[in-house]
Amino acid sequence: MFLLAIDQGTTGSTALVVSVEGTQSRVVGRATVDFPQHFPKTGWVEHDLEEIWRSVESAVTQATQAAVVTAPGFAAAKIAAIGVTNQRETLCVFERATGKPLHRAIVWQDKRSADICARLKREGAEARVRAKTGLVLDPYFSGTKITWLMENAPDVASALKGGRGVVGTIDTFLMARLSGNQVFATEASNASRTLLYDIEAGAWDSELLDLLGVPSASVLPEVKDSAGIFGKTMGLGFLPDGIPIAGVLGDQQAALAGQACYDVGEAKCTYGTGAFLLLNLGTKPLASRAGLLTTVAWQLKGQRSYAFEGSAFIAGAAVQFLRDQLGLIAKASDTEALVKGATAAPEVYFVPALSGLGAPYWDPKAQGAIMGLTRGTTRGQIVRATLEGIAFQVSDLIQAMRQDYSGSVTALRVDGGAAANDVLMQAQADYSGVAVDRPANIETTAFGAAMFAGLGAGNFANLDELRGVRKTDKLFTPVKDAGSVGRIEAHLAGWKRAVQAVRTFAGS
């Protein structure tokens with residue numbers, strides 16, 4: 001059986017062709033195509049939807065061509081189903097009838113709606129929003145991006161009010177394009193990231209729509225199960241007609257699925273542009289008191305499963321910052337060699353708040369800082385401080401989950417590009433105090449989408465059939481001796497001081 005996964009991310013689009021036989025799986029075709037980032041103003045981040053679509057088309061074409069070479073007998077017509085996973089909170093606005101974009105996509109990193117969030121907080125709206133959505137009022141989420149468009153983009157507002165335009169997340173746009181504009185849908189994990197969806201009722205909420213100035217629920221997509229037939233390909237030059245689109249998940253939920261975290265208490269962290277930690281809560285949502293989000297993990301046969309989520313907005317992007325802005329490294333893989341023998345904490349700290357601070361702080365004003373610099377500071381120390389800054393952020397998230405969750409977090413399954421870095425993974429185990437389990441396939445986001453596509457198309461009977469597919473590559477265990485534990489505690493205390501310093505500087 002061949003499954004195609006489309007992983008539409010923040011900086012590029014990846015396509016995987018996966019061959020699955022029983023519990024054995026193999027990636028037989030893979031391609032990633034980057035696309036431009038647009039920064040029209042300070043704090044604004046946009047994507048051109050046509051550039052995204054071209055990157056998807058190119059990635060799928062390259063991946064299927066590669067599969068022809070590596071898997072004898074493969075042909076695109078033999079793809080059993082397509083899975084889609086996507087950057088979740090990025091907002092798309094397009095014509096319902098044609099799929100033509102009406103505005104550049106406003107990316108999850110974009111901060112233009114910060115003042116709107118502040119206004120709604122002053123009006124006392126956050127408690128109501130949190131109770132229904134499990135989220136906080138932050139420009140990270142797509143709902144206040146719609147508010148901004150309604151207040152600042154008259155042409156877009158007119159199209160939405162008149163019924164010509166619609167809004168959705170990236171999955172909605174991709175399904176429309178893949179199906180020849182026959183499908184206008186999303187699924188529960190993506191819907192739960194909009195500030196417009198009541199996660200317990202499982203529906204768009206009229207009070208939230210009014211609060212955020214959304215003209216009508218008709219401009220929002222239909223919310224479906226995460227696995228099932230959404231529609232079929234139609235009118236594409238790079239894929240044949242009739243392939244079912246059968247699995248859709250937001251990227252972090254797809255990684256949770258790809259890591260086989262199907263049981264209550266199982267957790268994963270994806271190290272991509274940001275770092276995203278999810279803990280499976282089962283079918284009953286819990287409210288966090290420690291700054292975490294409660295989100296939908298997935299919906300199957302009308303039954304929603306939930307997760308705690310903690311997000312650090314900058315993880316792998318901090319390494320890109322060292323490469324592209326500071327010129328300290330030529331490529332991300334240089335970091336491991338550079339940090340050998342180098343120490344950072346408790347002398348040097350990098351707080352990578354380059355897009356504000358996410359959970360548990362939720363401080364959009366915070367800015368990044370490298371602290372503890374002297375004339376003797378080396379490049380290796382700064383690079384190590386960057387890796388440790390990523391690990392410190394995730395350890396904050398794990399600590400928050402320990403406060404909210406009555407069970408124990410005994411192991412952390414990891415994935416994403418930065419999970420390949422052994423230095424980072426060992427630091428993560430040490431600072432969080434839990435074993436870090438890295439799988440053989442660290443591209444679990446796309447893999448999870450592929451597995452749910454197979455589930456939705458009926459190639460798998462249930463989640464139990466998906467568990468055996470995941471395989472562990474390496475386990476990183478935390479240090480246990482008294483001296484090392486004392487050192488770790490001192491490093492964590494220094495990190496807390498560094499975070500407080502950047503928040504004080506920002507006036508938070």
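Observations on the model:
- Computed [θ] at 222 nm, helices only, for the chain once each DSSP H run of length n ≥ 4 contributes -39500 (n - 2.57): -10500 deg cm²/dmol
- Computed in the context of the full set of protein chains, the accessible area of region 138-193 at 1.4 Å probe radius has 43% of its extent on carbon or sulfur.
- FRET efficiency, Ala77 to Ala337 (Cβ-Cβ, R0 60 Å, nearest 0.05): 0.85
- Antiparallel beta bridges, as assigned by DSSP with both residues in the chain, represent about 70 percent of the total such bridges.
- In this structure Arg119 has an accessible area near 80 Å², from a 1.4 Å probe over the protein heavy atoms.
- Zone of Ala97's modelled label, taken as backbone nitrogen in region 131-167 under 18 Å from a point 7 Å along Cα→Cβ: 156-167
- In sequence order, region 469-484 has phi-based couplings of 6, 6, 10, 7, 9, 8, 10, 9, 9, x, 5, 10, 5, 4, x, 5 Hz under the Karplus curve 6.51 cos²θ - 1.76 cosθ + 1.60, θ = phi - 60°, and Gly or Pro positions carry x.
- Amide H contacts of Lys232: Ile245, each under 5 Å away and 5 or more positions distant or on a separate chain (H built 1.01 Å from N in the peptide plane; Pro and chain starts excluded).
- Charge sum, other residues only, whose C-beta stays under 12 Å from Ala446's C-beta, Lys/Arg counted +1 and Asp/Glu -1: -3
- Taking only protein heavy atoms and a 1.4 Å probe, the accessible area of region 427-508 is 54% carbon and sulfur.
- Annotation: lysines with alpha-carbon distance below 27 angstrom to Lys132 (same-chain offsets under eight excluded): Lys111, Lys121, Lys145, Lys161, Lys224, Lys268, Lys284, Lys301, Lys365.
- Rounded, prolate or oblate (a/c below 1.5 giving rounded, otherwise prolate when a/b exceeds b/c) for region 11-120 by Cα gyration tensor: prolate
- Length gained on full extension, Thr472 to Val69: 142.3 nm, using 0.36 nm per residue less the C-alpha separation.
- Probing with 1.4 Å while keeping every protein chain in the model, the per residue accessible area of the chain equals 36 Å².
- Shape of region 228-319, Cα gyration tensor, a/c cut at 1.5: oblate
- In Hz, Karplus ³J(HN,Hα) per residue of region 180-194 (6.51, -1.76, 1.60; θ = phi - 60°; x = Gly, Pro): x, 6, 8, 10, 10, 8, 9, 9, 5, 5, 6, 4, 6, 9, 9
- Percent accessible area from carbon and sulfur atoms, region 231-273, protein chains only, probe 1.4 Å: 51 percent
- In this simple spin-label approximation, Phe505 and Ala203 carry label points 7 Å from Cα along the Cα→Cβ vector, and these lie 4.9 nm apart.
- Both radii are taken from the alpha-carbon atoms of region 97-166; with Rh as the Kirkwood radius, Rg/Rh is 1.01.
- Placing pseudo-labels 7 Å out from each Cα toward the beta carbon at Gln403 and Arg289 gives an inter-label distance of 1.0 nm.
- When DSSP beta bridges are restricted to pairs lying wholly in region 297-448, around 60% turn out antiparallel.
- Here the gap between Glu222 and Asp210, fully extended at 0.36 nm per residue and compared with their Cα-Cα distance, gives a gain of 2.5 nm.
- Averaging the sequence gap over all C-alpha pairs within less than 8 Å and six or more residues apart, then dividing by the number of residues, gives the chain a relative contact order of 15 percent.
The values are calculated or read from the model by the stated rules, or taken from the named source; none is laboratory data. Not measured: the values here are computed from a predicted model. Using ideal geometry, Cβ is built from the backbone for each residue, glycine included, and neighbour counts are taken over all protein chains shown. These area figures cover heavy atoms from the full protein model, side chains too; ligands, DNA and RNA do not enter into them. Shrake-Rupley method; radii C 1.70, N 1.55, O 1.52, S 1.80 Å.
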